[in-house]
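Novice: Here it is: the structure, laid out below.
The values are calculated or read from the model by the stated rules, or taken from the named source; none is laboratory data. Note that the structure is predicted; figures quoted are calculated from it, not measured. Cβ placement follows ideal geometry from the backbone for every residue including glycine, while neighbour counts extend to all protein chains displayed. With ligands, DNA and RNA removed, areas are computed over all heavy atoms of the protein, side chains included. Shrake-Rupley method; radii C 1.70, N 1.55, O 1.52, S 1.80 Å.
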Amino acid sequence: MDRSRRSGRVRRKHSSGSDSDSPSEAPRRKRSRQVPGSENESDPEVTKNNSFETSAPNDHGWKSRSSGQSMSQRATSFNLTSELSVPNAFDRCGKVISMRLTNFMCHSNLFVEFGPNINFLVGNNGSGKSAVITALALGLTSSARATSRASSIQKLIKNGEASATISITLSNSGLRPFKADFFGPHLTVVRHLRQSSSSYDLLDARGKSVSKKVAEIRRVLLCFGINVENPIFVLNQEAAREFLKDLEPASNYKLLMKATQLDICADSLNQCHEQRKTLTNKFEQMVKNKTLIEKDVEAEADKLTILKDKEVVKVNLEQSQTKLAWLAVTRVQTELHTLETSIRHIEDKKAKLESQTSKKESTQAVLTQKLKDLQVTKNEIMEAYNEQDQKYKAAKRSVQEMALKSASIKAQIGNAERRLREEQHTYNACKKHIGSYHANFTRVKEQREEHAKTMEALKLQVAESEAIIARLREEQQEIKRKTNSFHESLEAVKNERAQLQKTKQNMQWEIDSLSRNKSNKLSVYGEQAIQVVYALRTQYSGANMHRMPRGPLGQYISAPNSKYRDLIENLLYSCLRSYIVGSDRDRQSLRALLQNKFSGGIVPNIITSAFTEQVYNVSRHKVRPTTPNTTVLIDEISCDDPVVMNFLIDTYRIETILVTESKEIAEFLTSETENVPPNLTKVLVPNLGLEYIPSPNYAVYSTRINPARFIHVNVDDRIRQLQMEQSGLREKEAALESDFVQKKTMLENTQVEATKRSAQIGQQQSKNQMAMQKKIELENFDYQELPEYDRLKTTLSDSGERIQKCNEEIGELKAKLLEINEKKSQCETAESNEQKAMEEFYGRVQTLEAEAREINGKIQSLDLHYEANSRQLQKTLELERKLLDKTRSMADELEKLTEEAKKVGEYVATTNTEEQIREDISRYKSKIRQVEQLNYNIEEVEIELGHLRDKLGLQVRQLGIVNSVLSKLRMAYHQRAQLFQRSRHHYFTMVQFQFEQALAIRRFHVSFETNDKQKTWQINVFPPSGNETSNTRSLSGGERSFTTVSLLKGLWSTSDHPFYFLDEYDVFTDEVNRKFITEILISEGMECKTRQYCFLTPQDTEVEASSFIKVHKLEAPER
């Protein structure tokens, strides 16, 4: 059983005479071939491999027993659940157990039994793999258009058939089964396709039809969490080929939103927003209606009020007229009060100005006298200040003198102490020398004798070392000469190897280019030339074709005589890859095109030449052959384009060149002036590679003629020629490799010898240097000087006497210093007292000067402002007269208005303005006129007012309800919008992280730019080569497929689904990349064991079947 299950061979059976392809048979391996008279006969091999076999002999027996029993629905469900079962691996609801297709697309009768974990569906193109995915989507309620395979389901029925059936069995065992007691451990969804319509049938585990409603099937799919229209769960062939084709940011954003089902949330939010807008508009309209009803209520209430009490309106009118009269009185009183206040301010100002102008002279005299008194007081204080300043300076000089004396004494003390230290040191040294005089003398003598012997030995050692170093240096120079010779030879071989390798690489590139473009004669010029010519033909199509630049020029040139082909190409080689233009504008356009196509390589030359429609007539300037076996070069060149031919005539003068096979003829035509034909410029002998210049400048040159590469070259011959040259280069490379290894070994040996000699020289030099250093140290040795003994005794006695004198001198100086410091302290105290007294005098002077400045300012102010005050006084008097006149006139007006107001009525206080009172009067008069003109019925007005008030109350209640709903809807919308934004950020971050982790397996890098406002998701992929790309067209096929699978892994991490079907995931890959991507997908399936994966591939896979992996090999269907 295990072997059959792991091999996973898909079984097909002819539909004729078979009843086992009905939907009820889908979940079981056992298939019965029913023919008349043999209903219960079954296939023994299939029966042996049955994984869902039950104890019942067949379905018909079970149905007959169940129909004969009268048990309840609950008892039937209990037996259904307990008797039937699915393999333990199908432990999740929604996994696809099996699928049967009848007359669907290319399949007549196909039965596929899936594994619960990883499935590989392998088959050649046309074997019907994609039909499985199409059937999966279509059978689970999707539309034909959504599968991208047909516009209607009728087009998916096999040709020649009237109907088709799709039967899909899903697991119903897991955490959330759909009515498990009723349906059993699995259920089957059947879709019947007909030319006119389609229908569904939902079967339980026994094959019994439970429902035919699409809504019931969709509830099952919703319970299982199945969504076949999401491309990351079911990726069909067309979607797989277009997936990540352009990496458009808007498409990427739309794909991610759909894959994570955030687009459904966004649509729901938009619907909520539209509903809120609709309710808001309705609420605003209801508010307007409420306002209109309120106005109607107010109007009706006014009518009723007017009808009930018309006299009240009259009283109100009289009261308003009284308020208006007294309001005028109040306004005039306010203005009069304001004028009186202004008059009082003007009188105060007038009094002040009169005072300032009348007391000017007396005030100025008082200030002048005060200024003189201040000056006298200041002079007295300044005399006392000067006397105090003299005392302060005298005290300061005394302090400075004491400081100088103190510094002098301190310097003397320092000198005496320094002499004392020196004498003490001399005394101690003399005492020490006297104690060790005899021992030191003997030791110094022995040192001198020992150093003399050592110096002789070192001189002999240095002489021997120098001789050895000289010999080693000669040997080292010889080795260096050999090393340089070997190194030059090695570098020459290495350069020749590098040049050879570069030549081989260029040849291989040329072979590859020629192989790809065999049918194009421009292939010998490279793929860039083909692209340039194609671009020029596109740019200059139509009427501009005659202006199209010519090039490469070699495509227009041919040699009818093949023996001259090599000669012509070598002569014209410099221009064969060039282009000719007719204007500067065309030249600039062509230069930009060439730089774009030949970026990083050698850009062909561009030649500007006049475009003509005819070839030059060169009959007058053409050389005439005068000897046999001689031809003119222009006659051996064929060129259909007059522009190119004229360029060859202008540049190379091909009409003046002769070609011959005989050296003697060439010498005859060029060596003697009388034999030179007119217009001859040179004679070529191609078989000997010679070029003759005619007399009087007779000369002979040897030229190398290489085989032709461009002119009239067969692509296959050129490829064979390059391959032969490659073979020769490989032989030469092998010889160079052997020579390189030999020379490298010799160089390494000589370098080792040179290193040894350098080490020996270094050792000898180090030894010699140490000897010389020791010799110098002995020559410069500082022997201890020993003075005479008597002199030491005398010096010791003198030093003792000087030490005593220094001590006595230091004592005397310190006593003087103490006395001077006391005097200095007294002088500093006196200086401080004098300074304080002087500062006190200075402060008083400053106070007097400030008072004097203030008095001067007042005197100047009296002079400056006198005239201005006089003018201001006149203006103030005039203004006072005007205000008094105005006050009298307003008092008369106030008296008049008061008498008129009293006639109208008594005083009535009001806070209204005159405009408001006039509006009230107008309104009251209007109401009185309305009442007088109209004849209202008070009972009718009261009834109408009641109806309007009821309508207003209903409107207010409805407004409250709508406002409450709007508030709740607004809060719910904002909460869900915030939750949606957080979820979107979480999903985007999760996908990006998983995508980046998957790409990192092959050292790919990726960057993202997300713009939620513009709904774009920019993906920039960095392959290991380091070239950033945001378009997979620049990626190779393997890189594109790897990027696709990596993004799918990231998307799979955000959305859980019972099964994942992926079609043609390796369509662009080679064998290595396909194996690598397959391992990634298997690893994903091993990590997520609760999911079911099915990968469709047209390539034969090397994946081995196991208990976790099932491989289905799909044979070509019978058509």
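Novice: Can you tell me which residues in the stretch 711-729 are assigned to a helix (DSSP H, G or I) and either free of Cβ contacts under 8 Å to residues at least 12 places away in the same chain or open to solvent by less than 30 Å² (accessible area, probe 1.4 Å) (or both)? I'd like the intermediate steps shown before the answer.
Specialist: As a first pass, look at the stretch 711-729 and keep what is assigned to a helix (DSSP H, G or I): 715-729.
Answer for the stretch 711-729, where residues must be assigned to a helix (DSSP H, G or I) and either free of Cβ contacts under 8 Å to residues at least 12 places away in the same chain or open to solvent by less than 30 Å² (accessible area, probe 1.4 Å) (or both): V715, D717, R718, I719, R720, L722, M724, Q726, S727, G728, L729.
Novice: Another one. Would a scan of the stretch 301-314 turn up a residue that is surrounded by 15 or more Cβ atoms within 10 Å (Cβ to Cβ), within 51 Å of the chain's Cα centre (by Cα) and part of a helix (DSSP H, G or I)?
Specialist: No, there is no match, as no residue in the stretch 301-314 is surrounded by 15 or more Cβ atoms within 10 Å (Cβ to Cβ), within 51 Å of the chain's Cα centre (by Cα) and part of a helix (DSSP H, G or I).
Novice: Next question. Please go through the stretch 654-672 and give me each residue that is open to solvent by 10 Å² or more (accessible area, probe 1.4 Å) and either in contact (Cβ under 8 Å) with a residue 60 or more places away in the chain or basic (K, R) (or both), ordered by number. Can you show your working first?
Specialist: Taking the stretch 654-672 and keeping what is open to solvent by 10 Å² or more (accessible area, probe 1.4 Å), we get 655, 661-665, 667-668, 671-672.
Correct list: K663 only.
Novice: Residue pairs, Cβ under 7 Å, 6 or more apart or interchain, first in the stretch 396-418 and among the acidic types (D, E), second open to solvent by less than 40 Å² (accessible area, probe 1.4 Å). List them.
Specialist: E417/I810
Conditions tested, residue by residue: (1) exposed (fewer than 15 other Cβ atoms within 10 Å of the Cβ); (2) polar (S, T, N, Q); (3) touching a residue at least 60 places away in the same chain (Cβ under 8 Å).
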| site | (1), (2), (3) |
| --- | --- |
| Q447 | yes, yes, yes |
| A452 | yes, no, no |
| E456 | yes, no, no |
| Q461 | no, yes, yes |
| E466 | yes, no, yes |
| E474 | yes, no, no |
| Q477 | yes, yes, no |
| K482 | no, no, yes |
| L490 | no, no, yes |
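Conditions tested, residue by residue: (1) open to solvent by 30 Å² or more (accessible area, probe 1.4 Å); (2) at pLDDT 75 or above; (3) of a type in the set (A, V, I, L, M).
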site	(1), (2), (3)
N1027	yes, no, no
S1030	yes, no, no
L1035	no, no, yes
W1052	no, yes, no
P1098	no, yes, no
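Novice: Looking at (1) open to solvent by less than 40 Å² (accessible area, probe 1.4 Å); (2) more than 30 Å from N125 (Cβ to Cβ), which one does K208 not meet, given that it meets all the others?
Specialist: Exception for K208: condition (1).
Novice: Among (1) closer than 29 Å to P694 by Cα; (2) part of a helix (DSSP H, G or I), there is one condition V615 misses while meeting the rest; what is its number?
Specialist: (2)
Novice: If I go through the stretch 166-197 residue by residue, how many of them are in contact with a Ser or Thr (Cβ under 9 Å, 6 or more places away or on another chain), of a type in the set (G, A, S) and open to solvent by 10 Å² or more (accessible area, probe 1.4 Å)?
Specialist: The total comes to 3.
Novice: Follow-up. In the stretch 992-1025, which residues are among the aliphatic types (A, V, I, L, M) and either crowded, with 16+ Cβ neighbours inside 10 Å or touching a strand residue (DSSP E or B) at 6+ places or on another chain (Cβ under 6 Å) (or both)?
Specialist: The first filter runs over the stretch 992-1025 and keeps only residues among the aliphatic types (A, V, I, L, M), leaving 998-1001, 1006, 1019, 1021.
A998, L999, V1006, I1019, V1021 - these are the residues of the stretch 992-1025 that are among the aliphatic types (A, V, I, L, M) and either crowded, with 16+ Cβ neighbours inside 10 Å or touching a strand residue (DSSP E or B) at 6+ places or on another chain (Cβ under 6 Å) (or both).
Novice: Does K823 count as in a helix (DSSP H, G or I), open to solvent by 70 Å² or more (accessible area, probe 1.4 Å) and in contact with a Ser or Thr (Cβ under 9 Å, 6 or more places away or on another chain)? Walk me through how you get there before you give the answer.
Specialist: Values: in a helix (DSSP H, G or I): yes; open to solvent by 70 Å² or more (accessible area, probe 1.4 Å): yes; in contact with a Ser or Thr (Cβ under 9 Å, 6 or more places away or on another chain): yes.
The answer is yes for K823.
Matching residues to (1) touching a residue at least 60 places away in the same chain (Cβ under 8 Å); (2) open to solvent by 40 Å² or more (accessible area, probe 1.4 Å); (3) in contact with a strand residue (DSSP E or B) (Cβ under 6 Å, 6 or more places away or on another chain); (4) assigned to a helix (DSSP H, G or I):
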| position | (1), (2), (3), (4) |
| --- | --- |
| Q751 | yes, yes, no, yes |
| R757 | yes, yes, no, yes |
| K767 | yes, yes, no, yes |
| I776 | no, yes, no, yes |
| F781 | yes, yes, no, no |
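Novice: Within the stretch 972-986, how many residues turn out to be surrounded by 14 or more Cβ atoms within 10 Å (Cβ to Cβ) and more than 14 Å from I264 (Cα to Cα)?
Specialist: Residues meeting the conditions: 1.
Novice: Can you name every residue in the stretch 516-539 that is open to solvent by 30 Å² or more (accessible area, probe 1.4 Å), modelled with pLDDT under 80 and more than 12 Å from V715 (Cβ to Cβ)?
Specialist: Matches in the stretch 516-539: E527 only.
Novice: Where in the stretch 118-217 are the strands (runs of 3 or more DSSP E), entirely inside, with at least 3 residues that are touching a residue at least 24 places away in the same chain (Cβ under 8 Å) and touching a strand residue (DSSP E or B) at 6+ places or on another chain (Cβ under 9 Å)?
Specialist: Working: elements: 118-122, 163-171, 186-194, 198-203, 209-211.
Of the strands (runs of 3 or more DSSP E) lying wholly inside the stretch 118-217, those with at least 3 residues that are touching a residue at least 24 places away in the same chain (Cβ under 8 Å) and touching a strand residue (DSSP E or B) at 6+ places or on another chain (Cβ under 9 Å) span 118-122, 163-171, 186-194, 198-203.
Novice: Condition test on Q508, is it part of a helix (DSSP H, G or I) and open to solvent by 80 Å² or more (accessible area, probe 1.4 Å)? Outline the logic, then answer.
Specialist: Numbers: part of a helix (DSSP H, G or I): yes; open to solvent by 80 Å² or more (accessible area, probe 1.4 Å): no.
Criteria not met by Q508.
Novice: For I568, state whether it is outside any helix (DSSP H, G or I) and open to solvent by less than 70 Å² (accessible area, probe 1.4 Å).
Specialist: Judged against the criteria, I568 is not a match.
Novice: Further question on the same structure: Please specify each residue of the stretch 904-919 satisfying the condition of being assigned to a helix (DSSP H, G or I) and at pLDDT 80 or above.
Specialist: Residues of the stretch 904-919 that are assigned to a helix (DSSP H, G or I), as a first pass: 904, 914-919.
The answer is E915, Q916, I917, R918, E919.
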